[in-house]
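J.: Supplied in structure tokens, the structure appears directly below.
The values are calculated or read from the model by the stated rules, or taken from the named source; none is laboratory data. Note that this is a predicted model, so its numbers are computed, not measured. Heads up, the Cβs are rebuilt from the backbone with ideal geometry, glycines too, and the neighbour counts pull from every protein chain shown. What goes into the accessible areas is simple: the full protein's heavy atoms, side chains included, and nothing from ligands, DNA or RNA. Shrake-Rupley method; radii C 1.70, N 1.55, O 1.52, S 1.80 Å.
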Amino acid sequence: MRLGLITAILSVLCACAAPSANKTANTKPAVTKTTAVQPSKSAAQIAAETDYMIQLQDMLSKTLNGTSFTMKRDGSTVTLTLSGSAAFSKNSYNILPEGAADLKKIAPVLRYYDKTQINVVGHTAKESGVKDATNKLLSRKRAEKTASVLTSAGIKPERFWINAKGSDNPVATNDTPAGRERNNRMEIVLTPALR
């Protein structure tokens, strides 16, 4: 009988000492931080994007004859630059008929190559007596007007980003009229949005 009692006591003690399968250990759970990691592109994806943008560039180069646009491609990015004086009245965001016509001329190509994101970047020249805030506002209004002309030509608004640089990114000196003319510009930066 004693042996039975001792065995029962040992069974109870063992049961108390052993962790239960239904209880969690008395430790804090590990905290894992999840950060948004951009998946890296495969070589095939990069090649597909570059090929797509080369085709876009070829089509645009046939379309740009007779316009005020210049174009350059860097990898899978194509940038169209339109002189501010060709598109807008001085110190204004009212688009000139010539500027609107140039934009409408490229619209069919941008509609066809619909797997591109369109970043419209407004730039102004640094003029003496003009505040930076005024330049930023003018460049934003010009970028919005540019996007508006393209959306009215059938390009979906969700493809656009608007960026206002003001006089922050000159490409020439602001000390000469020719330099200010180069700085006063609109850039349409096209990047692939293939899925």
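J.: If I ask for residues that are part of a loop (DSSP other than H, G, I, E, B) and open to solvent by less than 60 Å² (accessible area, probe 1.4 Å), which ones from the stretch 61-77 would you list?
T.: L64, T67, S68, G75, S76
J.: Still on this structure, please answer the following. Test A107 against the criterion of being open to solvent by less than 80 Å² (accessible area, probe 1.4 Å), part of a helix (DSSP H, G or I), of a type outside the set (S, T, N, Q) and modelled with pLDDT under 95, and give yes or no.
T.: No: the conditions fail for A107.
J.: While we're here: Output the residue which, of all residues in the stretch 167-184 that are farther than 12 Å from S85 by Cα and charged (D, E, K, R), is surrounded by the fewest Cβ atoms within 10 Å (Cβ to Cβ).
T.: Only one residue fits best here, namely D175.
J.: Turning to a different aspect of this structure: Residue check, W161 against (1) open to solvent by 80 Å² or more (accessible area, probe 1.4 Å); (2) among the hydrophobic types (A, V, I, L, M, F, W, C); (3) in contact with a helix residue (DSSP H, G or I) (Cβ under 7 Å, 6 or more places away or on another chain), all met but one. Which one?
T.: It fails just one condition, (3).
J.: Restricting the first residue to the stretch 74-87 and requiring it to be over 15 Å from P192 (Cα atoms), which pairs with a second residue that is surrounded by fewer than 17 Cβ atoms within 10 Å (Cβ to Cβ) and of a type in the set (V, I, T) meet a Cβ separation below 6 Å and a spacing of at least six or different chains?
T.: Qualifying pairs under 6 Å: T81/T70.
J.: Only one of these conditions is not met by Q117: (1) buried (at least 16 other Cβ atoms within 10 Å of the Cβ); (2) more than 16 Å from L82 (Cβ to Cβ); (3) in contact with a strand residue (DSSP E or B) (Cβ under 6 Å, 6 or more places away or on another chain). Which number is it?
T.: Here Q117 meets the rest and fails (1).
J.: Right, another one. What's the number of the only condition in (1) at pLDDT 95 or above; (2) part of a helix (DSSP H, G or I) that I118 fails to meet?
T.: For I118, the exception is condition (2).
J.: Within the group V171, V189, which residue is of a type in the set (A, V, I, L, M, F, W, C) and modelled with pLDDT under 95?
T.: Just a single option satisfies the conditions, and that option is V171.
J.: How many residues are open to solvent by less than 70 Å² (accessible area, probe 1.4 Å) and either under 30 Å from M59 (Cα atoms) or of a type in the set (D, E, K, R) (or both) when one looks only at the stretch 120-152?
T.: Total satisfying the criteria: 15.
J.: Filter the stretch 29-59 for residues that are of a type in the set (K, R) and modelled with pLDDT of 65 or more and give the result.
T.: K41
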